[in-house]
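What follows is one structure encoded as C-alpha cells, with my remarks underneath.
The values are calculated or read from the model by the stated rules, or taken from the named source; none is laboratory data. In this text, all values refer to a predicted model and were calculated from it rather than measured experimentally. Cβ sites come from the backbone with ideal geometry, for glycine too, and all protein chains shown count toward neighbours. With ligands, DNA and RNA removed, areas are computed over all heavy atoms of the protein, side chains included. Shrake-Rupley method; radii C 1.70, N 1.55, O 1.52, S 1.80 Å.
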Amino acid sequence: MREMPWPAKIYFVLCIGAAGILLLRSSQAYDRLDWSSTLVLALLFLVCESVPTQLSVRQAAISVSFSAALAAVVLVGPEGAALVAATAVFSVRPGLATHKRLFNGAQFLISGYAAGWVYTLAGGEPGLPQRTDFPEIILPYGAATFVFVALNFALTALILALAEGVGKRQVPVPDVAQFLLSYLGYATFGLLIAGLWATVQSISAVLVLLPLFVARWAFGQYHAQHRSYEATIAALCQAVETKDWYTRGHCTRVSAASSMIAEEIGMGTERLHAIRYAGMLHDVGKLGVPTKVLQKDGVLTEEEFAAIQLHPMRGLEIVRGIGFLDEAFAGIMHHHERYDGRGYPMGLAGAEIPEFARIICVADAFDSMTSDRSYRKAKPQEEAVAELRKWSGTQFDPIIVGAFIRALDRDGWNPPASVPAPSGMPVVTAAKDHDDPTTPIQVVSDR
Ligand SMILES: [Fe+2]
C-alpha cells in the first residue's frame, strides 16, 4: 500500500468511502431484508469467491461467485446484493494483502448495489420470482448483469492502471468473446438459482453450481496442462538455441510467422495451436547434429551434410513421444522439403509436402534472412520478401508466400534486435545457417 502512487491511493480511499456510504444507505432497508436468504447467498458467494479460476488472461480471474451475486440482485435487492458481494473481503486467498481485500470487497459492494438499483429501475421487483415474472424479468436482469460486469471490470482495471503508474503498463484486455461468453454463462446460472429458489430454496444453489464447479475444475486442469505444454516446448527451444549464439529467439519468431500465415489462410483454432508448437520445435533435431558440424566454416563433406539433412528426422525422434503435437510432427519432419522436390529428407514436391511444413519453410527462411548471422548482417524486410518471391514456386509454395506477404502487409513484423558480436565471451556460432536460402550450404564429395 505504501508503495502505491498517490493517484492510486486517492482512488482507493474514494472507492472505500463510496462503499461505506452505500453500506450506510443500505442499513435503512435492513429491517425489511430477507436475512436468511442474504446469509445463505453471502456464504455461497464467499465459497465461490475463494476458488476463482483463471482465464487465459492474467489478473482476469473470475469466479462462479458472479452467479451468486446476480442471484442476490433478484432475490434480496440492491441492499442484500451489496452485503452479499461485500463478503469478498473475507475470501480465503492466502497471501492476499489487506488493502487488496478491502478494495475487492468495496468494488464488489459498489457493483452489487448498482446492479440491484438498475434492476429495480428497469422494472424488476426484488424477491422470489414467480412463474408469471418470466420472460419480463429478463430485461431488468440483463441490465443489472451489464452494470455489474462493467463496473466490476472498470473499477478493477482502473486500480491496476493507477497502481502501476498511468501509461506504464497496459491493463490486460481479455479476449472479448471469451469474456462475454463467460459472463453470459454466469448470468444465466444466477437467474437459474433465483428461479429455483422459490421451489427448493438454498438447495437450488447446490443444484446449479455443483456442475458448474466441476466444469470450472476441468477447465482449470486444461489450462494447467497447456501451461505444462508451453514449458516443455520452451525448454526444448532453449536447448536448441544454446547450440548457436545467433539463433536466439529464432524458434519463437518462426512460430509467430507460421501462425500469421496459418491465420491468413483461415486455419481453425486447434490447428493454430499445433502450428505454433511446430514452429517452436521445427529445428529441435539440431540437438542430434554434432555441434562441430553446425559450426563448421567452409564446405561440408557429404557425411557432414548428411548429418544436417538428418535433423528433421532426429527432430521427429526427439518429440515423437509428445502426444499433443499431432500435426506438428509433419511440420517438423518436412520443413526442409522444397516445392520443386529438391529438398530433404524425402524429396517430396508440391502438395505432397504437408501444409504445416510448407508454412514453416517460408517462416523459417524469412526469419533467417531478417536476423543477424555470424557471417552476415540481417537483410531488410523488403529484401527478404523479394527473395521469397524469387524462390516462390521452386523452393516455396507460391500460395503460402502470397499469404505471408499479405499477413506482413497487414500486421507488420518486429525484426529481432541486432545481435552484438560476441566479445571475450566464449559463445557458439554457426558458420552457415541451413535455413538461409541466400547462402546455400556447399558440399564436397569425399571420394
Ligand atoms: Fe531446419
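Couple of notes before you dig in:
- Count of residues meeting criterion [among the acidic types (Asp, Glu) and part of a helix (DSSP H, G or I)] in segment 5-41: 1
- Being in contact with a Lys or Arg (Cβ under 6 Å, 6 or more places away or on another chain) and open to solvent by less than 50 Å² (accessible area, probe 1.4 Å) is a property that His334 lacks.
- Residue match in segment 287-304 (condition: among the polar types (S, T, N, Q) and either under 22 Å from the mean Cα position of the chain (by Cα) or buried (at least 18 other Cβ atoms within 10 Å of the Cβ) (or both)): no
- Whenever a residue of segment 87-114 is open to solvent by 10 Å² or more (accessible area, probe 1.4 Å), its partners that are of a type in the set (D, E, K, R) and at pLDDT 85 or above, lying with C-beta atoms within less than 7 angstrom and at least six residues away or across chains, give the pairs Val89/Arg101.
- Lone unmet requirement of (1) open to solvent by 30 Å² or more (accessible area, probe 1.4 Å); (2) over 24 Å from the mean Cα position of the chain (by Cα); (3) of a type in the set (Val, Ile, Thr) for Thr156: (2)
- Taking the listed residues Ile110, Ile137, the one that is more than 30 Å from Tyr222 (Cβ to Cβ) and modelled with pLDDT of 95 or more is Ile110, with no other qualifying.
- Of the residues in segment 156-164, at least one is farther than 24 Å from Ala215 by Cα, modelled with pLDDT under 80 and not polar (S, T, N, Q).
- Across segment 128-148, the number of residues qualifying as open to solvent by 20 Å² or more (accessible area, probe 1.4 Å) and without any contact (Cβ under 8 Å) to a residue 60 or more places away in the chain comes to 11.
- Per the listing Ala97, Ala106, Ala71, Ala86, the residue uniquely of a type in the set (A, V, I, L, M) and under 13 Å from Ser26 (Cβ atoms) is Ala86.
- Among the residues making up segment 367-384, those that are outside any loop (DSSP other than H, G, I, E, B), touching a residue at least 24 places away in the same chain (Cβ under 8 Å) and more than 16 Å from the ligand (Cβ to nearest atom) are Arg376, Gln381.
- Close Cβ contacts (under 7 Å, 6 or more residues apart or on different chains) running from residues in segment 4-23 that are among the aromatic types (Phe, Trp, Tyr) to residues that are open to solvent by less than 30 Å² (accessible area, probe 1.4 Å) and assigned to a helix (DSSP H, G or I) comprise Tyr11/Ile159; Tyr11/Leu162; Phe12/Phe103; Phe12/Ile159.
- Scanning segment 393-409 for residues that are open to solvent by 20 Å² or more (accessible area, probe 1.4 Å) and either touching a strand residue (DSSP E or B) at 6+ places or on another chain (Cβ under 9 Å) or touching a residue at least 24 places away in the same chain (Cβ under 8 Å) (or both) returns Gly393, Thr394, Gln395, Pro398, Ile399, Gly402, Arg406.
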